[in-house]
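Notes follow once the structure below has been shown.
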Amino acid sequence: MKMRNLMVGGMVLAFALGTSGVAVAIQGKKGALEALDKLAKKTKDASFAEDCKKAAGSLELDPVMHSFKPRARGGFGLGGKAGLVPANQDGIEAFLPTLSKKGLAPADAGKLGDPILEMANRVLAIAEVSDHLWPESKESAKSKKKWLELNQMMKDGAKDLAEAVSSKNYAGVKKAAAKLNTSCSECHSSFRD
């Protein structure tokens, strides 16, 4: 009887430890989304870069990068709720290739303009925070330099996208989205495990 109680107690403890790790991972992703969203609303503030640097001190790279994932996988979606775009495009990394190929049609600007602007500001916040978080396994001077170059490309693309959407420069939307998509692809080929 004691052996059975010991085994059951061990299984309960293992389950509790395992699920608490999952809870921490979910909280880390949710916490990163909340922090990044808050920063994205302050991109025009003079303290934006400093606020991002401070936020980076309490964030980890994986949850920050996870924010690019589709809404269904715990990342940012496009717009306030699901359904604005097809489910397979409802995330930053999922929507950018389409936006870089098709651009934004004037007829869709009323529906997608503000959500794309919000996405651009979120990407800018992610890039600004990521300047202070690089993959530790790739921490050589050369890879840090590459990381910062790609982050700068991402920041430039995000700013260009925000400007193009705001000024209704639809050709500029496509070009800026292509720059952002390239920064993502190059980063994945250099740093993603």
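The values are calculated or read from the model by the stated rules, or taken from the named source; none is laboratory data. For clarity, every value in this text was computed on a predicted model and none was experimentally measured. Neighbour counts are summed over all protein chains in view; Cβ atoms, including those assigned to glycine, are modelled from backbone coordinates with ideal geometry.
The set of residues from the stretch 139-178 being under 17 Å from residue 117 (Cβ atoms) and buried (at least 19 other Cβ atoms within 10 Å of the Cβ) comprises 154, 155, 157, 158, 160, 161, 162, 164, 165, 173, 176, 177. State whether one or more residues within the stretch 172-184 are assigned to a helix (DSSP H, G or I), out of contact with any Ser or Thr (no Cβ under 9 Å at 6 or more places or on another chain) and closer than 22 Å to residue 129 by Cβ. Scanning the stretch 172-184, I find at least one residue that is assigned to a helix (DSSP H, G or I), out of contact with any Ser or Thr (no Cβ under 9 Å at 6 or more places or on another chain) and closer than 22 Å to residue 129 by Cβ, so the answer is yes.
Each row is one residue, and each column tells you yes or no for (1) within 21 Å of residue 153 (Cα to Cα); (2) assigned to a helix (DSSP H, G or I); (3) touching a Gly at 6+ places or on another chain (Cβ under 9 Å); (4) in contact (Cβ under 8 Å) with a residue 40 or more places away in the chain.
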{"position": "62", "(1), (2), (3), (4)": "yes, yes, yes, no"}
{"position": "78", "(1), (2), (3), (4)": "no, no, yes, yes"}
{"position": "93", "(1), (2), (3), (4)": "yes, yes, yes, yes"}
{"position": "100", "(1), (2), (3), (4)": "yes, yes, no, yes"}
{"position": "120", "(1), (2), (3), (4)": "yes, yes, yes, yes"}
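Under the condition of being surrounded by 14 or more Cβ atoms within 10 Å (Cβ to Cβ), part of a loop (DSSP other than H, G, I, E, B) and of a type in the set (A, V, I, L, M, F, W, C), the residues counted in the stretch 38-60 number 1.
Out of everything in the stretch 114-134 that is among the acidic types (Asp, Glu) and within 13 Å of the chain's Cα centre (by Cα), what residue ends up being surrounded by the most Cβ atoms within 10 Å (Cβ to Cβ)? Ranking the candidates gives 128 first.
A single entry from 118, 163, 128 fulfils the requirement of being modelled with pLDDT of 95 or more and within 15 Å of residue 174 (Cα to Cα): 163.
Take the residues in the stretch 102-113 that are assigned to a helix (DSSP H, G or I) and touching a residue at least 12 places away in the same chain (Cβ under 8 Å); name whichever of them is surrounded by the fewest Cβ atoms within 10 Å (Cβ to Cβ). Can you show your working first?
So the first thing to find is which residues in the stretch 102-113 are assigned to a helix (DSSP H, G or I), and the list is 102, 106-113.
Then keep just the ones that are touching a residue at least 12 places away in the same chain (Cβ under 8 Å); that gives 102, 106, 109, 111-113.
On the way: 102: 12, 106: 9, 109: 15, 111: 13, 112: 21, 113: 16.
Ranking the candidates gives 106 first.
Residues that are more than 17 Å from residue 42 (Cα to Cα), in contact with a Pro (Cβ under 8 Å, 6 or more places away or on another chain) and either in a loop (DSSP other than H, G, I, E, B) or touching a residue at least 40 places away in the same chain (Cβ under 8 Å) (or both) occur at least once in the stretch 132-154.
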